[in-house]
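Just so you know, all these numbers are worked out from the coordinates, no wet-lab data involved. Because the structure is predicted, anything quoted here is derived from the model rather than measured. Quick reminder, even Gly has a Cβ in these numbers, built from the backbone with ideal geometry, and neighbours come from all protein chains shown.
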């Protein structure tokens, strides 16, 4: 009955805590959709904490992107807001792939998913290498990624991400398309067009030059800088260095 309930998409994230009799044997958990269990004798002492833990486990699963296993939008927004509320100086970078949809349509979803996975691993590895402690990477959906770093490290990380991306991505094209430097497929209007190879655009801002009170304010600036980067050809980043008087 429990597995049937959790198989329903509406209820599959419903956290379940199993309460067992003290003499009851432990079932095979790999066949049951549960988050935790507790014995009746320990429920009065640990029941509340186990319930809270079950809820947290369920929330973490919801917030992880299933393709890249990176934190999703909710987790990232919480991280940003916590740093704003704590008065911590940090930089936020918003990365987006250019010409990804034509690539996905041309080569298929499987190869498109591989591009997304590779991009996620690439950003994760470079950010963690540059900043082993305190760096945060998220996949907010589709081909959009964000990362949070120390202000003094983010620009070098963006440069390294772009360099690695431009070396790796061409290997996912067939040799003929790679040599031509483009693919030919339908655009959104149904007309045949030539599309350049997939590139990456990164927009960067920080709370060093200006103050923010809500995560939406800083993400809007980073997204705007990313849009500015996308207007140019090729992989590149744009960083917001505008000074704003308090």
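Oblate is the label for the stretch 1-135. Its Cα gyration tensor axes, ordered a ≥ b ≥ c, give a/c of at least 1.5 and b/c at or above a/b. Shape class of the chain from the Cα gyration tensor (axes a ≥ b ≥ c, square roots of the eigenvalues): oblate, since a/c reaches 1.5 or more and a/b does not exceed b/c.
From its DSSP helices (H runs of at least four residues, each -39,500 (n - 2.57)), the chain gives a residue-normalised ellipticity at 222 nm of -14000 deg cm²/dmol.
Peptides 191-197, 202-208 ordered by packing proxy, namely the average of other Cβ atoms within 10 Å per residue, highest first: 202-208, 191-197. Need the C-alpha centroid separation for the stretch 169-242 versus the stretch 127-146, integer Å. Each part's Cα centre sits 16 Å from the other's. Which angle between 0 and 90 degrees, to the nearest 10, do you get for helix 215-230 versus the longest principal axis of the chain when only C-alpha atoms count? Approximately 30 degrees, to the nearest ten. With a Förster radius of 45 Å applied to the C-beta separation of residue 36 and residue 153, the computed FRET efficiency comes to 0.75.
Look at the Cα gyration tensor of the stretch 155-214: its axes a ≥ b ≥ c give a/c of at least 1.5 with a/b at or below b/c, and that counts as oblate.
Highest mean first, the peptides 117-125, 63-71 sorted by other C-beta atoms within 10 Å per residue fall in the order 117-125, 63-71. Each peptide in 16-28, 32-44 receives the mean, over its residues, of other Cβ atoms within 10 Å, and ordering these scores from highest gives 32-44, 16-28.
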